[in-house]
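Written below as structure tokens is the structure these notes are about.
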Amino acid sequence: MRLVTFEVAGQLRLGAECRGRIVDLQNAAALLALVERGWAAAHEPALPAEMLSLLGGGAAAMQRVGDLIATIRDLPAAVWDLLDGQSAILYREEQVRRRAPIPRPPKIICLGLNYRDHAAESGMPVPDEPVLFSKYATAVIGPDEPIVLPPDSDQVDYEAELVFVIGKRGRNIPESEAMAYVAGYTCGHDVSARDYQLHRGGNQWMVGKTFDTFAPLGPALVTADEIPDPNRLEIACRVNGETLQRSNTREFVFTVAQVVSYLSRIMTLEPGDVVFTGTPPGVGFARKPPIFLKPGDVVEIEIEGIGVLRNPVRAAEGV
């Protein structure tokens, strides 16, 4: 499944991609229940209206959504045409605004130096253990929302990353069981103010990474069953159409399962936690001359099987 958070009429809604449309899952479930069971369905529990609640519902909630999408997909053509873009159930892309799949993650955990070749270009040794830092939820934006350049940084860099999302609570998870805790995957952009990260105030990794708008996510949460091996995915970053990063997650130093297991020995993982898995080589600060983001740029992160996350870049207002 390809699950989305979208905005329509000023409200955030939970949806799924289906036959080139976006299904409002809660409204679709209510309509089908009413058709199948009449007014008695009004007393049944509603489908969650947002992604965190859906993930918190576990396998049963996911199965319910899967069954619902299958039913919508198989609707007779006449019913589909009646609902298509004319109801609060099936939306066309231009009728909605996609948001980050998880707009307010409980935790945002990030790995540094998790590609061997990126460690080399950074002049750093390949780590023996995952290098961790964090972002805060206020950094999260969705597709087509602008990355805002801080007024006191002129070294804002791009970093394409595969992001995985935790689907159930866990602590001290064995590596052999770790993949059962992953709900799915999305594209992430670890925007980084290198002057803060590497120079100001004694190497402020967290500060350089968590300015508002520095954690774009999207365009969808692709469930784990759709991605057979997250450690073998093509990944790229384009700025203004020029490919500046291209690699494959087989270059990971630490696999997704290893990361889940490692993190769970430090902290309790919860549904909706997002984990940025590191970036491949080609980042701006390592280039000669360096390339940093500027107002008017458009950045695209593309990951095999997930899609394209696109964000424009603009200066802070009044600057």
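Which one is farthest from M124 (Cα to Cα) among residues in region 215-254 that are assigned to a loop (DSSP other than H, G, I, E, B) and touching a Pro at 6+ places or on another chain (Cβ under 9 Å)? The selected residue is F254. A Cβ distance below 6 Å, combined with a sequence gap of six or more or placement on separate chains, defines the contacts here; from region 121-147, residues that are assigned by TED's automatic domain parsing to the domain that holds F276 and within 20 Å of G272 (Cβ to Cβ) reach residues that are surrounded by fewer than 16 Cβ atoms within 10 Å (Cβ to Cβ) and among the basic types (K, R) in the pairs A137/R104.
Over 19 Å from D190 (Cα atoms) and either of a type in the set (A, V, I, L, M, F, W, C) or touching a residue at least 60 places away in the same chain (Cβ under 8 Å) (or both) - does that describe any residue in region 284-307? So that I can check it myself, show each step before the final result.
Within region 284-307, the first condition is being over 19 Å from D190 (Cα atoms), and the residues that meet it are 288-289, 305.
From the residues that got through so far, the ones that are either of a type in the set (A, V, I, L, M, F, W, C) or touching a residue at least 60 places away in the same chain (Cβ under 8 Å) (or both) too are 305.
Yes, there is a match, as at least one residue in region 284-307 is over 19 Å from D190 (Cα atoms) and either of a type in the set (A, V, I, L, M, F, W, C) or touching a residue at least 60 places away in the same chain (Cβ under 8 Å) (or both).
Determine, yes or no, whether A257 is at pLDDT 95 or above, out of contact with any Pro (no Cβ under 8 Å at 6 or more places or on another chain) and more than 23 Å from S53 (Cβ to Cβ). It is true that A257 is at pLDDT 95 or above, out of contact with any Pro (no Cβ under 8 Å at 6 or more places or on another chain) and more than 23 Å from S53 (Cβ to Cβ).
For region 74-122, how many residues meet the condition of being part of a loop (DSSP other than H, G, I, E, B), touching a Pro at 6+ places or on another chain (Cβ under 6 Å) and buried (at least 22 other Cβ atoms within 10 Å of the Cβ)? Give the steps one after another, and end with the answer.
Our first condition is that a residue be part of a loop (DSSP other than H, G, I, E, B); within region 74-122, this holds for 74-76, 85-89, 92, 96, 100-107, 113-114, 122.
Remaining after also requiring touching a Pro at 6+ places or on another chain (Cβ under 6 Å): 113.
Then drop every residue that is not buried (at least 22 other Cβ atoms within 10 Å of the Cβ), which leaves none.
Residues that pass the stated criteria total 0.
If a residue has to be at pLDDT 95 or above, under 30 Å from A180 (Cα atoms) and out of contact with any Leu (no Cβ under 8 Å at 6 or more places or on another chain) to count, how many in region 71-104 make the cut? So the count comes out to 1. Exactly one residue among P125, P130, P146 is surrounded by fewer than 18 Cβ atoms within 10 Å (Cβ to Cβ) and under 24 Å from the mean Cα position of the chain (by Cα), and that residue is P146.
Which ones in region 65-121 are hydrophobic (A, V, I, L, M, F, W, C), under 28 Å from V253 (Cα atoms) and within 21 Å of the chain's Cα centre (by Cα)? Give the steps one after another, and end with the answer.
Taking region 65-121 as the starting set, the residues that turn out to be hydrophobic (A, V, I, L, M, F, W, C) are 65, 68-70, 72, 75, 77-80, 82-83, 88-90, 96, 100, 102, 108-111, 113, 119-120.
Filter once more, keeping what is under 28 Å from V253 (Cα atoms): 100, 102, 108-111, 113, 119-120.
Within region 65-121, A100, I102, I108, I109, C110, L111, L113 qualify.
Which of the residues belonging to region 295-310 are outside any loop (DSSP other than H, G, I, E, B) and of a type in the set (A, V, I, L, M, F, W, C)? Across region 295-310, the qualifying residues are V298, V299, I301, I303, V308, L309. Among the residues that make up region 179-202, is at least one of them over 17 Å from I108 (Cβ atoms), β-branched (V, I, T) and either not in a strand (DSSP E or B) or not assigned by TED's automatic domain parsing to the domain that holds V275 (or both)? Taking every residue of region 179-202 in turn, none turns out to be over 17 Å from I108 (Cβ atoms), β-branched (V, I, T) and either not in a strand (DSSP E or B) or not assigned by TED's automatic domain parsing to the domain that holds V275 (or both). Taken together, V299, V259 contain a single residue that is surrounded by 23 or more Cβ atoms within 10 Å (Cβ to Cβ) and either touching a strand residue (DSSP E or B) at 6+ places or on another chain (Cβ under 6 Å) or in the same structural domain as D117 (by TED's automatic domain parsing) (or both), which is V259. One residue stands out among those in region 20-36 that are surrounded by 12 or more Cβ atoms within 10 Å (Cβ to Cβ) and out of contact with any strand residue (DSSP E or B) (no Cβ under 9 Å at 6 or more places or on another chain): the one that is modelled with the highest pLDDT, which is A29. It is to be established whether one or more residues within region 222-236 are of a type in the set (A, V, I, L, M) and over 26 Å from E17 (Cα atoms). Checked region 222-236: no residue is of a type in the set (A, V, I, L, M) and over 26 Å from E17 (Cα atoms).
The values are calculated or read from the model by the stated rules, or taken from the named source; none is laboratory data. All figures in this text were calculated on a predicted structure; none of them were measured in a lab. Note that each Cβ is placed from the backbone with ideal geometry, even for glycine, and that neighbours are counted across all protein chains shown.
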